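One structure is given below, encoded as structure tokens.
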Amino acid sequence: MSKYEIVIGMEVHAELLTQSKQFCACPNEAVAPPNTNVCPVCLGFPGSLPVLNAKSVDLSLRTVLAFDSKINTRCIFERKNYFYPDLPKAYQVSQRLLPLGEGGFIDIDVPNGDGTSTVKRVGLHDVHMEEDTGKSQHGESIGDPDSSLIDFNRSGIPLLEIVSLPDMRSVEEAEAYMTALRQLLLYLEVSDCKMELGRLRFEASLSLRPWGQEEYGTRVEVKNLNSMKAVRDSLRAEIERQTRILDSGGVVVQQTMLWDEASGTTQPMRSKEQAHDYRYFPEPDLVPLDIDSAWLERVRASMPELPRAKNQRFIEQLGLSSYEAGVLTSSREIAEYYEAALEGYTKSDGGAAKAISNWVCNELLGRVNAQNSSIAEAKVLPAQLRELVQLIDAGTISGKIAKEIFDEMFTSGRDAKSIVEERGLTQMSDTTELEAICEKVIAANPKAVEDYRGGKEKSFGALVGGVMKETKGRANPALVNELLKKALTQ
Amino acid sequence: MRLTSEEVDHIALLSRLDLSPAERERAATELSQILDHFEQLKQLDTADVPPTEHVLPVVNVLRADESRPGLPREGVLQNAPEHAGGMFQVPRVVEAE
Ligand SMILES: [Zn+2]
């Protein structure tokens with residue numbers, strides 16, 4: 001065990017799923033030809049005036065409600081002043097004194113390393129609305145070491161910043177936090193969370209302190225993290241770096257580090273903009289927000305069931321295992337698929353929830369994942385999966401044949417019934433017909449019959465296999481068992 | 001309360017102002033007078049006065065989330081001192097390693 005306790009906090013920027021930008025009507029698009037989604041407002045032209053996007057406030061409210069934050073129903077925007085070429089007004093409209101949300105929490109599942117996990121509550125400092133900056137490319141990457149190029153398409157895209165408390169104590173906890181937060185934002189449909197497009201961005205701050213020490217060590221911010229893997233790898237590298245410094249009696253310097261994927265190290269960020277003195281003041285171009293209870297209730301009514309509540313309900317009311325519930329609620333698409341497939345279906349023995357869960361978790365997701373695809377793109381629709389399971393339940397087809405049929409359904413999107421009819425796969429449940437086949441198999445396998453009568457239970461399986469072979473797997477297995485036993489005891 | 005010359009330099013840097021020694025001296029005097037004035041204001045009891053968030057008695061000015069195309073790019077770039085590949089070109093901002 002290391003000599004130091006790890007302390008991690010996270011700052012997350014999520015671009016919101018709106019049609020237009022935060023303060024102007026330019027399209028909010030992640031990909032577009034440079035400087036085509038721009039206007040006087042998001043280019044910071046003098047005399048232009050911002051007008052707040054109502055949808056973006058709704059989405060932000062949905063998020064702070066999900067975090068159970070204290071909501072500042074009267075909140076204001078402020079200017080955060082600094083000079084940087086991708087910030088055309090030389091200030092970013094943000095919130096500081098009265099952010100939309102204060103406090104709140106996210107519950108995360110921290111793996112114990114043995115397949116189980118423990119729930120931990122990570123506190124939030126605040127959640128505030130702001131606007132994104134433009135995007136710049138520098139030097140060698142653009143073939144000119146002395147220049148930077150700026151694209152303002154991203155300038156003014158609605159942004160929600162979610163600042164956690166330094167509550168995480170390991171890289172695993174930081175990962176669990178990211179997973180939980182991403183899952184929540186996707187359920188809430190406030191962001192598409194595409195990290196590769198920068199729609200969701202994580203920044204970590206990390207410090208070490210000797211075990212038992214009350215006060216935090218010097219914290220270092222790590223930026224340039226465009227995947228979950230980058231967060232994990234950079235934190236590990238930074239822990240190693242800080243451990244080396246402390247072990248040799250050195251002092252960790254407070255600074256911002258950039259993750260360098262190629263070398264697998266964190267490097268100090270060197271920017272000409274060093275003076276971080278933002279001189280916040282209330283934005284005179286935007287009047288305060290005053291959110292009344294009717295507004296809040298309208299947003300509350302638009303909220304979906306959240307993943308934790310869904311998970312709990314699947315376990316308690318549907319009788320699923322916590323593993324199954326975890327898989328089925330891992331994304332809103334999967335959960336909605338499952339619930340749609342289950343809708344209106346009750347099984348004679350009450351096991352419909354379990355049966356459908358097995359098909360979704362194993363057969364469907366197995367194939368979807370093998371193709372690196374998503375459940376939303378699956379050709380088999382929920383109602384078609386339900387019909388397949390109903391065919392098994394009614395004894396029309398066997399479970400084994402059902403898997404073959406599902407293969408065909410998965411590639412073609414056809415209905416189970418039409419495949420069954422076309423291929424003549426209907427389960428044989430005709431007693432007279434099956435009795436004859438059982439007799440035939442018994443007659444052809446005197447050795448197995450003798451062994452079975454002599455007490456070798458295993459030989460029974462060989463006889464069942466014989467019947468299945470004769471019927472090309474179509475025989476109703478329960479009926480075969482019954483008929484064979486009857487025939488053998490005669 | 002007189003501002004130190006370091007404080008004046010810091011404010012000048014934040015404002016991107018390149019001050020001559022004479023200008024710096026004048027700024028120090030004038031800014032100090034302004035601060036003195038605020039020191040005087042601080043003597044007022046404002047315990048029962050709500051903070052002024054905005055000078056207008058108006059709240060909730062919002063627009064519906066509807067997009068419209070941006071400006072034509074030729075227009076956007078026409079006043080840029082330099083541009084390349086449809087982007088604004090500026091002196092390099094992040095120093096090389
Ligand atoms: Zn715009």
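Taking residues in the stretch B:59-75 that are farther than 18 Å from A:PRO40 by Cβ and away from the ligand (no atom under 13 Å from the Cβ), and partners anywhere that are basic (Lys, Arg) and open to solvent by 50 Å² or more (accessible area, probe 1.4 Å), the pairs with Cβ atoms closer than 9 Å and at least 6 places apart or on different chains are B:VAL59/A:ARG74; B:ALA64/A:LYS55; B:ASP65/A:LYS55.
Of the set (1) within 16 Å of the ligand (Cβ to nearest atom); (2) open to solvent by 30 Å² or more (accessible area, probe 1.4 Å); (3) closer than 22 Å to B:GLU74 by Cα, all apply to A:PRO85 but (1). Return yes when A:ALA478 is small (Gly, Ala, Ser) and farther than 19 Å from A:ILE392 by Cβ and no when it is not. Here the answer is no, as A:ALA478 does not meet what is asked.
For B:ALA80, the conditions (1) touching a strand residue (DSSP E or B) at 6+ places or on another chain (Cβ under 9 Å); (2) among the aliphatic types (A, V, I, L, M); (3) at the interface with chain A (Cβ under 9 Å from one of its Cβ atoms) are fulfilled apart from (3).
Of the residues A:TYR323, A:TYR278, the single one that is open to solvent by 50 Å² or more (accessible area, probe 1.4 Å) and not in a helix (DSSP H, G or I) is A:TYR278. Annotation note: of A:ALA66, A:ALA54, the sole residue that is more than 16 Å from the ligand (Cβ to nearest atom), farther than 30 Å from B:PRO91 by Cβ, among the hydrophobic types (A, V, I, L, M, F, W, C) and surrounded by fewer than 19 Cβ atoms within 10 Å (Cβ to Cβ) is A:ALA54. Highlighted here are the strands (runs of 3 or more DSSP E) found entirely within the stretch A:118-201 that include at least 2 residues which are away from chain B (no Cβ under 14 Å) and in contact (Cβ under 8 Å) with a residue 60 or more places away in the chain: A:158-164.
Filtered by the rule that a residue be of a type outside the set (A, V, I, L, M, F, W, C) and assigned to a loop (DSSP other than H, G, I, E, B), the stretch A:85-108 gives A:PRO85, A:ASP86, A:PRO88, A:LYS89, A:GLN95, A:ARG96, A:PRO99, A:GLY103, A:GLY104.
Given the residues A:LEU98, A:LEU59, A:LEU49, which is the only one that is aliphatic (A, V, I, L, M), touching a Leu at 6+ places or on another chain (Cβ under 7 Å) and either open to solvent by 10 Å² or more (accessible area, probe 1.4 Å) or more than 15 Å from the ligand (Cβ to nearest atom) (or both)?
A:LEU59 is the lone residue from the list that is aliphatic (A, V, I, L, M), touching a Leu at 6+ places or on another chain (Cβ under 7 Å) and either open to solvent by 10 Å² or more (accessible area, probe 1.4 Å) or more than 15 Å from the ligand (Cβ to nearest atom) (or both).
Between a first residue in the stretch A:424-438 that is free of Cβ contacts under 8 Å to residues at least 40 places away in the same chain and a second residue that is open to solvent by 20 Å² or more (accessible area, probe 1.4 Å) and part of a helix (DSSP H, G or I), which pairs have beta carbons less than 8 Å apart while being 6 or more apart in sequence or on different chains? So the pair list comes out as A:ILE437/A:GLU470.
The values are calculated or read from the model by the stated rules, or taken from the named source; none is laboratory data. Predicted model only: the values in this text are computed from it and were never measured. Note: ideal-geometry Cβ built from the backbone for every residue, glycine included; neighbour counts use all protein chains shown. Side chains are part of the model used for accessible areas, which takes the heavy atoms of the whole protein and leaves out ligands, DNA and RNA. Shrake-Rupley method; radii C 1.70, N 1.55, O 1.52, S 1.80 Å.
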